[in-house]
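Down below is the structure, laid out as structure tokens.
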Amino acid sequence: MTSVRPEEIRSGARPAALALRGVAKGFGPRGRRSEVLAGVEFELAPGECVAVLGFSGSGKTTLLSILAGLLPPDAGSVEMDGAPAPPAGPERGVVFQSYALLPWLTVAGNVQLAVDAVHPELGRRARRARTLELVRVVGLEAALEKRPRELSGGMRQRVAVARALALEPRILLLDEPLGAVDALTRSSLQAEFARLFERSHKSVVLVTNDVDEAILLADRIVPLTPGPRATLGASFRVALARPRDRTWLNRDPAFKKLRNEITTHLLELSARRPGRARR
Amino acid sequence: MLDVRQLLRTIGAPVMALALFVALWSAAAARIETSIGALPGPGQVLLAARGLVAEHRAERAREGEFTTRMEVKRRAALAAGEPWRDRQYAGKPTYFDQIATSLATVFTGFLIASLVAVPLGVLCGTSPTVYAALNPLIQLFRPVSPLAWLPIVMILVSALYTSTDPLFEKSFLSSAITVALCSLWPTLVNTALGVASVDPDHLNVARVLRLPWYVRVRKIVIPSSLPWIFTGLRLSLGVGWMVLIAAEMLAQNPGLGKFVWDMFQNGSSETLAQIMVAVFTIGGIGYALDRGMIALQRAVSHDVRAT
Amino acid sequence: MSAYLELFALAKDFDGPQGRTRVVEGFDIALARGEFVCLLGHSGCGKSTVLSMVAGLTGISSGGVVLDGREIDGPGPDRGVVFQSPSLLPWLTALANVRLGVDRVFADRSEAERRAIAAETLERVGLGDALDRRPDELSQGECQRVGIARAFALAPKLLLLDEPFGMLDSLTRMELQEVLLELWSHDRKTALMVTHDVDEALYLSDRIALMTKGPKARIGEIVEVGFPRPRERSAVLEHPDYYQLRERLLDFLEEQDARPEAELVSDAVTGLGGVAA
């Protein structure tokens, strides 16, 4: 992978593909306001895949929405390539946790919506061809004319990915992409995602609560401290060779060490969570 | 074993209830004496219904005769080179004509209401400002009875609709507009609710795609709120049908309402039976309209959970 | 080691539109008093059906379940069940939700005692400061803590846990595993838990029963988990056997998944190495 090391960014050699500077965000009216995020610093190098690992309800989705430009931060700024980020748009493709497929459209229709939006200049046939190509990439050509309710969780997920890829984004933002998928489908989809990311050289931010998923996919794992006022902690570099195979990883001492380190670290974070009277 | 029990419940129970109703009705009818004779029982009502059908057939037959007679005369006149003016058959409307008029009126009113309510609802649902502006007016006018609207509508129609060769009867227009005014609200409120409750993730999809607003409304907002809109339309049609009968009675617009009113003015035991036929007809048509709307609603609804 | 809970030749038929299907067949296992056993298998393999039969919530087609020398017949408070979704009554506080069962089981105790039992159990699951909150004011994880407290407060002979953390995210799941383990170590109730999470099974159980894919699901293999108790997460993760065991379980699951359904019957007959205890 053509990943840029953070040192290069810091030295100013290349600007971060996406960055957050001192971002804070809260919800609710004055007085009963809950501060979800506070003082968030984040940098995504071009071509890098970063996993943000956090508990549910700790502000992961808020963080991703801010990265996508769907939610304005209360304080701080979002930067793309060193300049203030434009409003949400196709250059930042989002795969939503709920998939957000339109239930009244078929698989092809859902993907076509994105293709039509990004390529208004192409003819009908060319756009249709592009749609078919994308559906094929995620292996759903047999379900082309099916509607979301006829698909399994894993298949819906693939449609959502195909739609995100249709935007031809430089940055892919994934919100718990495999959260709603059962365990087995998850592992096969994770492997597929891993291959897809490796091939496409996109910069990826992946928000997840699954340590294994993070290790399998990411170059770097950043834990999100439990909210309120969640913030990003020190990151763990995942220096495991690719392609990463689940079974094979299981025997890799480096994998075991990293997995144990991250797991223990997260459980320590949770034990320090405020308002939790344990024991 | 289980199937038999289920069959008994789904078919047996309603049949039993119906039989009980008819029995109670017959028993009551035999005992109640009104100012215009005994309360008609089920048998008399059935007879009255047959009478209305027979009357309709006879009237149609007369109309057929009249047309053939006119045709003969017209040919004769043409052959003789005399001038000829077409004459309309001027028979009185039968019960079935009244039903047709009522249906035409209710659908016209319903159509007007839908054409106003759906776009307005979409506007209310997408713009909090529009919603804030219109909400007090909606809340104010929604509970107004059709009987209060009707005189205003009738006066306005007389004042503003002064064509010499009117396409519609004034009474028809008054009834239809009153129906529209009363059946507007369920569709308006439901559409606004449906649009306001579009999955925010779906709207985010639109933002990431940078869809222009009209594409967003057409591709995401409308399809997503369609089940809500249809629920509103169904309620509206139900309200419209209820309002119509009252409106027709007062506006003297031909239709089932006028039929009931005329029969009431007639005042004989037989007409009381005919009014009861009208009650059953009104109920039956209302039920059929509702089932039709439910079928439509099913056809457009999508599994919201499966997104 | 004498059996405290014994499931013998347990089978379950379901009548579907395509006729009768045997979901579970010839299911045998015996648990010693104070033992924690996990049933591990794919979703839909029938493991919840087994648990539900032990709980007395689903009828048994053939075979039987004996608990503490008595054959079970219908549900009862001697078996505390924790479901995947805690199904708390939304209009009751956490305390009142736990009290519901406590008041029935400890009807002979005083009001103050019953309140103390419920409050103390909630405290032990880390909700000491949330007694008066209603379910909508609690997170999903906290709701499940109430669900666990509700089962433990009744001091049952047997704990039945049906994927209790299945709907939680993996980090919250780990937290709750700790809560459960700590509560359990307190008086070591015999426990039977259904899960599809390999790490969860390894962290909690003394033995893991691996279930073959349904229909006609049964136990394919039983794995002993010898990590010393009391268990500490990091110590368990660093135990030299941990990843070996983990791989064995994952391999079994993957094999089950790859297996076409026709093969399953013959497989179940020959077994896959381990012998049901």
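For region B:214-231, state whether one or more residues are touching a residue at least 24 places away in the same chain (Cβ under 8 Å), away from chain A (no Cβ under 14 Å) and either basic (Lys, Arg) or closer than 22 Å to residue B:183 by Cα (or both).
Yes, region B:214-231 contains at least one residue that is touching a residue at least 24 places away in the same chain (Cβ under 8 Å), away from chain A (no Cβ under 14 Å) and either basic (Lys, Arg) or closer than 22 Å to residue B:183 by Cα (or both).
Which one of the conditions (1) within 14 Å of another protein chain (Cβ to nearest Cβ); (2) among the hydroxyl-bearing types (Ser, Thr, Tyr); (3) under 17 Å from the mean Cα position of the chain (by Cα) does residue C:85 fail to meet, given that it meets all the rest?
(1)
Scan region C:186-199 and give yes if some residue there is within 12 Å of chain A (Cβ to nearest Cβ), crowded, with 21+ Cβ neighbours inside 10 Å, within 24 Å of residue C:14 (Cα to Cα) and more than 14 Å from the chain's Cα centre (by Cα), otherwise no.
No - not one qualifying residue is present in region C:186-199.
So which of B:192, B:206 is crowded, with 18+ Cβ neighbours inside 10 Å, touching a Cys at 6+ places or on another chain (Cβ under 6 Å) and under 27 Å from residue A:104 (Cα atoms)? So that I can check it myself, show each step before the final result.
Details: B:206 fails: touching a Cys at 6+ places or on another chain (Cβ under 6 Å).
None of the other options fit; the residue is B:192.
Name the single residue, out of those in region C:155-175 being of a type in the set (A, V, I, L, M) and surrounded by fewer than 21 Cβ atoms within 10 Å (Cβ to Cβ), that is nearest to the other protein chains (Cβ to nearest Cβ). Spell out the reasoning first.
Initial filter on region C:155-175 (of a type in the set (A, V, I, L, M)): C:155, C:158-161, C:167-168, C:171, C:174.
Filter once more, keeping what is surrounded by fewer than 21 Cβ atoms within 10 Å (Cβ to Cβ): C:155, C:167.
Details: C:155: 20, C:167: 10 Å.
Of everything passing the filter in region C:155-175, C:167 is nearest to the other protein chains (Cβ to nearest Cβ).
Out of A:266, A:206, I need the residue that is assigned to a helix (DSSP H, G or I), modelled with pLDDT of 85 or more and surrounded by 21 or more Cβ atoms within 10 Å (Cβ to Cβ). Which one?
Working: A:206 fails: assigned to a helix (DSSP H, G or I).
Unique residue meeting the criteria: A:266.
Within region B:130-137, can one find any residue that is within 28 Å of residue B:214 (Cβ to Cβ), in contact with a Ser or Thr (Cβ under 6 Å, 6 or more places away or on another chain) and not polar (S, T, N, Q)?
First pass over region B:130-137, keeping only residues within 28 Å of residue B:214 (Cβ to Cβ): B:130-135, B:137.
Filter again for in contact with a Ser or Thr (Cβ under 6 Å, 6 or more places away or on another chain), leaving none.
Checking region B:130-137: not a single residue is within 28 Å of residue B:214 (Cβ to Cβ), in contact with a Ser or Thr (Cβ under 6 Å, 6 or more places away or on another chain) and not polar (S, T, N, Q).
So residue B:51 clears everything in (1) closer than 27 Å to residue B:239 by Cα; (2) under 25 Å from the mean Cα position of the chain (by Cα); (3) not hydroxyl-bearing (Ser, Thr, Tyr) except one condition, right? Which one?
Among (1) closer than 27 Å to residue B:239 by Cα; (2) under 25 Å from the mean Cα position of the chain (by Cα); (3) not hydroxyl-bearing (Ser, Thr, Tyr), residue B:51 violates only (1).
Within region A:242-250, is there a residue that is within 11 Å of another protein chain (Cβ to nearest Cβ), touching a residue at least 24 places away in the same chain (Cβ under 8 Å) and not β-branched (Val, Ile, Thr)? I'd like the intermediate steps shown before the answer.
Applying the first criterion (within 11 Å of another protein chain (Cβ to nearest Cβ)) to region A:242-250 yields A:246-250.
So of that shortlist, the ones also touching a residue at least 24 places away in the same chain (Cβ under 8 Å) come out as A:246, A:249.
Next, from what is left, pick out any that are not β-branched (Val, Ile, Thr): A:246, A:249.
Checking region A:242-250: at least one residue is within 11 Å of another protein chain (Cβ to nearest Cβ), touching a residue at least 24 places away in the same chain (Cβ under 8 Å) and not β-branched (Val, Ile, Thr).
If the requirement is being outside any helix (DSSP H, G or I), within 12 Å of another protein chain (Cβ to nearest Cβ) and acidic (Asp, Glu), which of these qualifies: C:108, C:129?
Within the list C:108, C:129, the selection yields C:129.
Can you pull out the residues in region A:93-139 that are of a type in the set (S, T, N, Q), in a helix (DSSP H, G or I) and within 13 Å of chain B (Cβ to nearest Cβ)? Walk me through how you get there before you give the answer.
Going through region A:93-139, the residues of a type in the set (S, T, N, Q) turn out to be A:97-98, A:106, A:110, A:112, A:131.
Checking which are in a helix (DSSP H, G or I) leaves us with A:110, A:112, A:131.
Within region A:93-139, A:110, A:112 qualify.
What pairs come up if the first residue lies in region A:129-150 and is free of Cβ contacts under 8 Å to residues at least 12 places away in the same chain, the second is in a helix (DSSP H, G or I), and their beta carbons are under 8 Å apart, counting only those six or more places apart or on different chains?
A:141/A:132; A:141/A:135; A:150/A:143
Considering only region C:159-179, state which residues are under 26 Å from residue A:261 (Cβ atoms) and within 11 Å of the chain's Cα centre (by Cα).
C:165
Taking into account only those residues within region C:112-146 that are modelled with pLDDT of 90 or more and of a type in the set (S, T, N, Q), which is surrounded by the most Cβ atoms within 10 Å (Cβ to Cβ)?
The selected residue is C:144.
Taking region A:228-237 on its own, how many of its residues are in contact (Cβ under 8 Å) with a residue 60 or more places away in the chain and either more than 19 Å from the chain's Cα centre (by Cα) or away from chain C (no Cβ under 14 Å) (or both)?
Narrowing region A:228-237 to residues in contact (Cβ under 8 Å) with a residue 60 or more places away in the chain: A:228-232, A:235.
Restricting the remaining residues to those that are either more than 19 Å from the chain's Cα centre (by Cα) or away from chain C (no Cβ under 14 Å) (or both) gives A:228-229, A:231-232, A:235.
Within region A:228-237, residues that are in contact (Cβ under 8 Å) with a residue 60 or more places away in the chain and either more than 19 Å from the chain's Cα centre (by Cα) or away from chain C (no Cβ under 14 Å) (or both) number 5.
Working only within region B:255-269, note down all residues that are of a type outside the set (Phe, Trp, Tyr) and buried (at least 17 other Cβ atoms within 10 Å of the Cβ).
As a first pass, look at region B:255-269 and keep what is of a type outside the set (Phe, Trp, Tyr): B:255-258, B:260, B:262-263, B:265-269.
Hits for region B:255-269 are B:255, B:256, B:257, B:258, B:260, B:263.
Check every one of the strands (runs of 3 or more DSSP E) wholly within region A:1-76 and list those with 2 or more residues that are over 17 Å from residue A:171 (Cα atoms), out of contact with any helix residue (DSSP H, G or I) (no Cβ under 9 Å at 6 or more places or on another chain) and modelled with pLDDT of 90 or more.
Values: elements: A:18-27, A:34-44, A:49-53.
Where strands (runs of 3 or more DSSP E) fall fully within region A:1-76 and carry at least 2 residues being over 17 Å from residue A:171 (Cα atoms), out of contact with any helix residue (DSSP H, G or I) (no Cβ under 9 Å at 6 or more places or on another chain) and modelled with pLDDT of 90 or more, they are A:18-27, A:34-44.
Quick check on residue B:153: is it of a type in the set (A, V, I, L, M, F, W, C) and crowded, with 17+ Cβ neighbours inside 10 Å? Step through it out loud before you land on a result.
On the way: of a type in the set (A, V, I, L, M, F, W, C): yes; crowded, with 17+ Cβ neighbours inside 10 Å: yes.
Yes; evaluated as a whole, the condition is true for this residue.
I need the full set of residues from region C:178-193 which are without any contact (Cβ under 8 Å) to a residue 60 or more places away in the chain and within 22 Å of residue C:50 (Cα to Cα), in order please.
Passing the criteria: only C:180.
Kindly state which helices (runs of 4 or more DSSP H) lie completely within region B:198-307 and contain at least 1 residues that are over 30 Å from residue A:72 (Cα atoms).
Numbers: elements: B:200-208, B:213-216, B:222-251, B:256-266, B:269-300.
Result: B:222-251, B:256-266, B:269-300.
Give all pairs with beta carbons closer than 7 Å in which a residue from region C:1-28 that is without any contact (Cβ under 8 Å) to a residue 40 or more places away in the chain meets a residue that is of a type in the set (Asp, Glu); count only pairs at least 6 apart in sequence or on separate chains.
Pairs found: C:20/C:13.
Select, from A:138, A:94, A:78, A:111, the only residue that is over 23 Å from residue A:208 (Cα atoms), buried (at least 17 other Cβ atoms within 10 Å of the Cβ) and under 21 Å from the mean Cα position of the chain (by Cα). It would help to see each step written out before you state the result.
Numbers: A:138 fails: over 23 Å from residue A:208 (Cα atoms); A:94 fails: over 23 Å from residue A:208 (Cα atoms); A:78 fails: over 23 Å from residue A:208 (Cα atoms).
Exactly one of A:138, A:94, A:78, A:111 is over 23 Å from residue A:208 (Cα atoms), buried (at least 17 other Cβ atoms within 10 Å of the Cβ) and under 21 Å from the mean Cα position of the chain (by Cα), namely A:111.
Just give me the residues in region B:19-50 being within 19 Å of residue B:282 (Cα to Cα) and touching a residue at least 24 places away in the same chain (Cβ under 8 Å), in sequence order.
Across region B:19-50, the qualifying residues are B:40, B:44, B:45, B:47, B:48, B:49.
The values are calculated or read from the model by the stated rules, or taken from the named source; none is laboratory data. None of the values given here were measured: they were computed from a predicted structure. Note that each Cβ is placed from the backbone with ideal geometry, even for glycine, and that neighbours are counted across all protein chains shown.
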